[in-house]
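K.L.:
Please find one structure pasted underneath; my questions will follow.
The values are calculated or read from the model by the stated rules, or taken from the named source; none is laboratory data. The shown structure was predicted, so the numbers you read here are calculated from the model rather than taken from an experiment. Please note: Cβ atoms are built from the backbone with ideal geometry, for glycine as well, and neighbour counts cover all protein chains shown. Surface areas here come from the heavy atoms of the whole protein model, side chains and all, with no ligands, DNA or RNA. Shrake-Rupley method; radii C 1.70, N 1.55, O 1.52, S 1.80 Å.
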Amino acid sequence: MEQQTSVDNDKSPLQKAIGSGFTPTSTTTDVITGISLTGKTAIVTGGYAGIGLETVKTFVSAGAQVIVPARDLKKAAQNLLGVPNVLLESMDLMDPASIDAFAEKFLRTGSPLHLLVNNAGIMWVPLQRDARGYESQLATNHLGHFQLTAQLWPALKKAAGARVVTVSSFGHQMASFNFDDPNFENRPYETLAGYGQSKTANNLFTVELDRRAKEFGVRAFVVHPGSVNGTDLGRVAPMALFQQLGTHDADGNLFPEVARTLKTIPQGAATTVWCATSPQLNDLGGLYCENADVADLDDGTIDHQYDNPLTLRGVKPYSVDAELAERLWTLSEDLTGVRFLPN
């Protein structure tokens, strides 16, 4: 793991569980009960697989109209077959032009955007770069969603009460953000470090977005879904990485005792749905959440065991630090060429 930067906890948001009443086993059905999304419009990236698909289905069940931008339209159409009130559009987070085209098409409808869920992501991939030369995990997980949120800003503001939920991970603890060399141009590539810094970027982005957006009625949250069984997020990751973490045996099989602690997909999507819809969060924002509650700040007192996913909790101060969040915002604008949050 990369050396982690120490920061002053006073510069972090008020990261403390609020006693939501939910638990790690709470499901999307539990957190959406009693909530109506009738008349609301949502966009969910990666909304055709895993917890993204579950998020879409839950929003639809509560009455929302959902738009799913997808790189693989054929797969998306197949996975969403039979789900009503869903519109598929083409978009690739590694292709800035496609992000702009998707956002422009949505803005032309004149619709407000009540919920934006930045859910899509890649994990532990070999070194790949987009056309700009940016490392793929940073480009997909953070920069693509930064640009998408920026381009959709007029519609978010129009909703007069929108929420932006970005899916991060406990993986942010694998690396702080390397401002000197974010794209691995002058250091050896380590996929865990690349993933970790992209997830730290998700957290920092949320802190600064909420600070800038709340005066316009837009609040932002970032989510650790937990360790979830049945997703394809780690489909290209080398088995050796999972074995290194102690989750799989020498033959590549998930240890039964680990499997028993993994969340189901409805449990994994619960925190996303809770952050997007819960009235418990009406006056809050800029927070990292897990297990359908606000996460506690991890100042080194939490014992993490990768073979026991229930211990993988808490948020590192460096990933919710206000000064680092502002610094990342400026860098993200420079890397994408996008400026946003005008009056």
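K.L.:
Would the range 107-120 turn up any residue that is over 30 Å from residue 297 (Cβ atoms), of a type in the set (A, V, I, L, M, F, W, C) and crowded, with 23+ Cβ neighbours inside 10 Å? Spell out the reasoning first.
P.N.:
Within the range 107-120, the first condition is being over 30 Å from residue 297 (Cβ atoms), and the residues that meet it are 107-113.
So of that shortlist, the ones also of a type in the set (A, V, I, L, M, F, W, C) come out as 107, 113.
Those left that are additionally crowded, with 23+ Cβ neighbours inside 10 Å: 113.
Yes, the range 107-120 contains a residue that is over 30 Å from residue 297 (Cβ atoms), of a type in the set (A, V, I, L, M, F, W, C) and crowded, with 23+ Cβ neighbours inside 10 Å.
K.L.:
I've got another one for you. Run down 138, 127, 116, 156 and say which single residue is of a type in the set (A, V, I, L, M, F, W, C) and either free of Cβ contacts under 8 Å to residues at least 40 places away in the same chain or in contact with a strand residue (DSSP E or B) (Cβ under 6 Å, 6 or more places away or on another chain) (or both). Spell out the reasoning first.
P.N.:
Numbers: 138 fails: either free of Cβ contacts under 8 Å to residues at least 40 places away in the same chain or in contact with a strand residue (DSSP E or B) (Cβ under 6 Å, 6 or more places away or on another chain) (or both); 127 fails: either free of Cβ contacts under 8 Å to residues at least 40 places away in the same chain or in contact with a strand residue (DSSP E or B) (Cβ under 6 Å, 6 or more places away or on another chain) (or both); 156 fails: either free of Cβ contacts under 8 Å to residues at least 40 places away in the same chain or in contact with a strand residue (DSSP E or B) (Cβ under 6 Å, 6 or more places away or on another chain) (or both).
Criteria check complete, one pass: 116.
K.L.:
Residue by residue through the range 28-40, note down the ones that are open to solvent by 30 Å² or more (accessible area, probe 1.4 Å) and in contact (Cβ under 8 Å) with a residue 60 or more places away in the chain.
P.N.:
Hits for the range 28-40 are 29, 30, 35, 40.
K.L.:
If you don't mind, another one. Can you name every residue in the range 147-183 that is in contact with a Phe, Trp or Tyr (Cβ under 7 Å, 6 or more places away or on another chain) and aliphatic (A, V, I, L, M)?
P.N.:
150, 152, 155, 165, 174
K.L.:
Are any residues in the range 285-303 in contact with a strand residue (DSSP E or B) (Cβ under 7 Å, 6 or more places away or on another chain) and part of a loop (DSSP other than H, G, I, E, B), and if so, which ones?
P.N.:
Quick first cut of the range 285-303, residues in contact with a strand residue (DSSP E or B) (Cβ under 7 Å, 6 or more places away or on another chain) only: 285-290, 294-295, 297-298.
Residues satisfying the conditions are 285, 286, 295, 298.
K.L.:
Looking at the range 83-106, which of its residues are aliphatic (A, V, I, L, M) and surrounded by fewer than 21 Cβ atoms within 10 Å (Cβ to Cβ)?
P.N.:
In the first step, residues of the range 83-106 are kept if they are aliphatic (A, V, I, L, M); the result is 83, 86-88, 91, 93-94, 97, 99, 101, 103.
Those that are aliphatic (A, V, I, L, M) and surrounded by fewer than 21 Cβ atoms within 10 Å (Cβ to Cβ): 83, 87, 88, 94, 97, 101.
K.L.:
Further question on the same structure: If residue 189 meets every condition in (1) of a type in the set (Ser, Thr, Tyr); (2) over 23 Å from residue 323 (Cβ atoms); (3) assigned to a helix (DSSP H, G or I) apart from one, which number is that one?
P.N.:
Failing condition for residue 189: (3).
K.L.:
In the range 49-82, how many residues are in a loop (DSSP other than H, G, I, E, B), open to solvent by less than 30 Å² (accessible area, probe 1.4 Å) and free of Cβ contacts under 8 Å to residues at least 40 places away in the same chain?
P.N.:
1
K.L.:
Could you list, in sequence order, the residues of the range 146-169 that are open to solvent by less than 10 Å² (accessible area, probe 1.4 Å) and touching a Leu at 6+ places or on another chain (Cβ under 7 Å)?
P.N.:
The answer is 149, 152, 153, 155, 156, 162, 164.
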